[in-house]
């Protein structure tokens, strides 16, 4: 049976829109590669790993400490934000009285919109001195992780909340009829049913954490060296670009775009891993 | 409730039509002057631009940021009429014309809680290169020093390195910052920090109660006054650059910006008017 | 203590921790920013590099940028989400390409978006530093969030709905508009709150595209400073701008509350029109 004509037109229109959305990424990659070319022509790729340090003005381009910083900060933030975000969503959907739930949701929605500079400013003036008392210098990996957690928590919370709202009430009623406890219903029925939405929320939050620039720039210390403890200052790839782009020319500027490409590689690897993981554990509810 | 969505839709449509329709009108007799470059200069240039617009009613002065390197490349390529550069022009930039409109100084700052009152040149170099790591060696508390350095490529860093005869790889910082305000706030939040920022900004913030203090350099106190009478050694020029000899409104603007008519604006941004 | 009780305690603790930290942050902004808030602050133009005067022109620029973003990103994201969830096979080439590329797009740093937006919209397409460039760049940024949440919402709608619609002889498009999209409303609302939140709070991307000019914009082709860029400039670039930075942040939060309320109201209204539920 072929589709009615309106449906065929609809599909054509939708395909065009989707292609536009997908081509944006290609344009961005093309842009990054184009801007990196000047330095890639003169500097071998291996030097971005083997050089002594990151001092582009003197021809040193070591990127690996910043790569590790990005990974540590992102993973740290995800480890904290995922359970807290899911807990927040569960709170709104199953535990809180409806008045609380509404206020809490509004609070999280507002926090999704607070500018990164405000988070960074608060982190720098309020959080960093507190952490500095524990262990100088205060602006460090752990401060960056805490601020990032706050920033991506709304993403996780709101998406998981929406996913939980979409779980058919019939599922929960059947579970209750079978005698499942409150937590049994949540862990055995609601969360598995919403697993796709939860995964989407985590992916979006991960993307946000990797791509965050302003806030980490202000609170993570920005020293381009491998951290040996969570209280060491670190520089993420994004902060690197933002920090030096304003005054960089020629090879320095192109090297910053190379760090942008390095970041995109990390993101692509992350997404591929997630896709493989999903394929292997695909369950039918 | 149906009313709400129709109202919203109506408002949005009106705004959209208004937004798109004004384009034709605005192009008619308005002359646009575009400045891009250093974010240090941007607030000052913006204020000078506003005063310029009051005098020349048909001119619009648009100031954009993007950094000194952007100022140089945009002035060269013609994307901007004037570039804003917060340092002296380099050797390979002599194809451009520079006009200094103000001076800015660099001061070393400590947290107010730090008992150290003065450091000589040798001590500063040793602290920043990591040879002295504890404040007690220079007469302070028994605490590790948190060295705050500026990011690579920044003109304040280059001035600092040039004055103390260091290379950027020599410095061993615990924190690296970008803008002056970030530096001030980092030092204000850490009693064992040492950093360097613009004199004017530091003097203002200290006056407003931020827990920082400015260190004198080689016996000269770091203050706007000493910048004005040129007794303070660490200073940098704030420049407007053009590719060709300025003409028309570009010329008028640069003459305005280098005149005494904008001295109060320069002082309001905590810089020192350029000697003319 | 049973598992349910333990879960209850932990979740209440988590919610308390999260709301505690966030209320601390908001209280900080409120305490520092309330003193300068007034009607004149909301309508006057900025003076003295933003340290006095108001933020009237900034609010208008922000509103216009948001408008362009949502008008551009909204329909496009909805169309893509519908395609991905309704009209493509589970493992078609199309889906396997578009889905991951959106996830990767979600991870592009905001500053790269800014530089890209500058190169593509401002220079290549010739729009210059303008509200339009800023809005288009932001639209690119929020697309992944909008698409993913809408797609999840649509996929969560039980297949029974679609079967019933087919049994009734409805075309796919009709089923979509009257049945599936309303059922996916909570997800789309979450998506638009996240998207608008991201757009209103974005700084690095806008500095390079919609620009720094704080004058009242006369058209979408004028450069206009958004609230977050203004807050950034006042707190990080201008000496003595902290006070107004806090007040601007407070205004931004209030603006966001208003926009979110309108979004929720509109969604509730649309939900009432749906055929099922």
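Condition check for residue C:134 on (1) buried (at least 24 other Cβ atoms within 10 Å of the Cβ); (2) out of contact with any helix residue (DSSP H, G or I) (no Cβ under 9 Å at 6 or more places or on another chain): one failure, at (2).
Checked against the criterion of being at pLDDT 85 or above and part of a helix (DSSP H, G or I), the candidates A:14, A:27, A:19 yield just one match: A:27. Within the stretch A:167-190, the presence of at least one residue that is closer than 27 Å to residue C:106 by Cα, within 11 Å of chain C (Cβ to nearest Cβ), in contact (Cβ under 8 Å) with a residue 24 or more places away in the chain and out of contact with any strand residue (DSSP E or B) (no Cβ under 9 Å at 6 or more places or on another chain) is confirmed. Per the conditions (1) more than 8 Å from every other protein chain (Cβ to nearest Cβ); (2) more than 21 Å from the chain's Cα centre (by Cα); (3) over 16 Å from residue C:62 (Cβ atoms), the sole criterion not satisfied by residue C:239 is (1). Quick one: count up the residues across the stretch B:148-171 that are facing chain A (nearest Cβ under 9 Å) and farther than 22 Å from residue A:255 by Cα. Going through the stretch B:148-171 one residue at a time, the tally reaches 1. On inspection, residue B:77 passes the criterion of being over 19 Å from residue B:215 (Cα atoms) and out of contact with any strand residue (DSSP E or B) (no Cβ under 8 Å at 6 or more places or on another chain). Here residue A:210 clears all of (1) within 14 Å of residue A:152 (Cβ to Cβ); (2) more than 7 Å from every other protein chain (Cβ to nearest Cβ); (3) crowded, with 24+ Cβ neighbours inside 10 Å except the condition numbered (2). Given the criteria surrounded by fewer than 24 Cβ atoms within 10 Å (Cβ to Cβ), assigned to a helix (DSSP H, G or I), at the interface with chain C (Cβ under 9 Å from one of its Cβ atoms) and modelled with pLDDT of 90 or more, does residue A:122 qualify? So residue A:122 fits the description; yes. The set of residues in the stretch A:36-58 being free of Cβ contacts under 8 Å to residues at least 40 places away in the same chain and out of contact with any strand residue (DSSP E or B) (no Cβ under 8 Å at 6 or more places or on another chain) consists of A:41, A:44, A:45, A:46, A:49, A:50, A:55, A:58.
Suppose we keep only residues that are closer than 20 Å to residue C:106 by Cβ and more than 12 Å from chain A (Cβ to nearest Cβ) within the stretch C:120-135. Which one would you say is farthest from the chain's Cα centre (by Cα)? So, considering only residues that are closer than 20 Å to residue C:106 by Cβ and more than 12 Å from chain A (Cβ to nearest Cβ), the one farthest from the chain's Cα centre (by Cα) is C:134. Of all positions in the stretch A:39-47, at least one carries a residue that is assigned to a helix (DSSP H, G or I) and either surrounded by fewer than 14 Cβ atoms within 10 Å (Cβ to Cβ) or within 8 Å of another protein chain (Cβ to nearest Cβ) (or both).
Keeping to the stretch A:125-146, report how many residues are more than 20 Å from residue A:81 (Cα to Cα) and assigned to a helix (DSSP H, G or I). The qualifying residues number 7. Which of the following residues is under 23 Å from the mean Cα position of the chain (by Cα) and closer than 30 Å to residue C:216 by Cα: C:138, C:154? None of the other options fit; the residue is C:138.
Only one of the numbered conditions (1) within 7 Å of another protein chain (Cβ to nearest Cβ); (2) at pLDDT 90 or above; (3) over 21 Å from the mean Cα position of the chain (by Cα) is violated by residue C:253, and that is (3).
Restricting the stretch C:86-114 to residues that are facing chain A (nearest Cβ under 7 Å) and part of a loop (DSSP other than H, G, I, E, B), the residue that is farthest from residue C:155 (Cα to Cα) is C:109.
Out of C:205, C:183, C:199, C:187, one residue alone is in contact (Cβ under 8 Å) with a residue 24 or more places away in the chain and within 7 Å of another protein chain (Cβ to nearest Cβ). It is C:187. Between A:113, A:144, the distinction of being crowded, with 18+ Cβ neighbours inside 10 Å, under 17 Å from the mean Cα position of the chain (by Cα) and more than 14 Å from chain C (Cβ to nearest Cβ) belongs to A:144 only. Between C:15, C:27, the distinction of being within 12 Å of chain A (Cβ to nearest Cβ) and touching a helix residue (DSSP H, G or I) at 6+ places or on another chain (Cβ under 6 Å) belongs to C:15 only. Mind checking whether some residue in the stretch A:86-95 is in a helix (DSSP H, G or I), within 24 Å of the chain's Cα centre (by Cα), assigned by TED's automatic domain parsing to the domain that holds residue A:245 and without any contact (Cβ under 8 Å) to a residue 24 or more places away in the chain? Among the residues of the stretch A:86-95, at least one is in a helix (DSSP H, G or I), within 24 Å of the chain's Cα centre (by Cα), assigned by TED's automatic domain parsing to the domain that holds residue A:245 and without any contact (Cβ under 8 Å) to a residue 24 or more places away in the chain, which makes the answer yes.
The set of residues from the stretch C:137-178 being surrounded by 24 or more Cβ atoms within 10 Å (Cβ to Cβ), more than 8 Å from chain A (Cβ to nearest Cβ) and without any contact (Cβ under 8 Å) to a residue 40 or more places away in the chain is empty.
For residue A:152, the conditions (1) within 7 Å of chain C (Cβ to nearest Cβ); (2) at pLDDT 90 or above are fulfilled apart from (1).
Out of the residues in the stretch C:42-64 that are crowded, with 23+ Cβ neighbours inside 10 Å and outside any loop (DSSP other than H, G, I, E, B), which is farthest from the other protein chains (Cβ to nearest Cβ)? Quick ask: steps written out before the conclusion?
Taking the stretch C:42-64 as the starting set, the residues that turn out to be crowded, with 23+ Cβ neighbours inside 10 Å are C:46, C:49-50, C:54-55, C:58, C:61-62, C:64.
Within this subset, residues satisfying the condition of being outside any loop (DSSP other than H, G, I, E, B) are C:46, C:49-50, C:58, C:61-62, C:64.
Numbers: C:46: 9, C:49: 4, C:50: 8, C:58: 13, C:61: 11, C:62: 11, C:64: 6 Å.
By that ranking, first place goes to C:58.
Please note which helices (runs of 4 or more DSSP H) are completely contained in the stretch B:172-276 and include at least 2 residues that are at pLDDT 90 or above, within 14 Å of chain A (Cβ to nearest Cβ) and crowded, with 18+ Cβ neighbours inside 10 Å.
Answer list for the stretch B:172-276: B:180-188.
The values are calculated or read from the model by the stated rules, or taken from the named source; none is laboratory data. Model, not experiment: these values are computed from the prediction. All Cβ positions, even for glycine, are placed from backbone atoms using ideal geometry, and neighbour counts span all protein chains on display.
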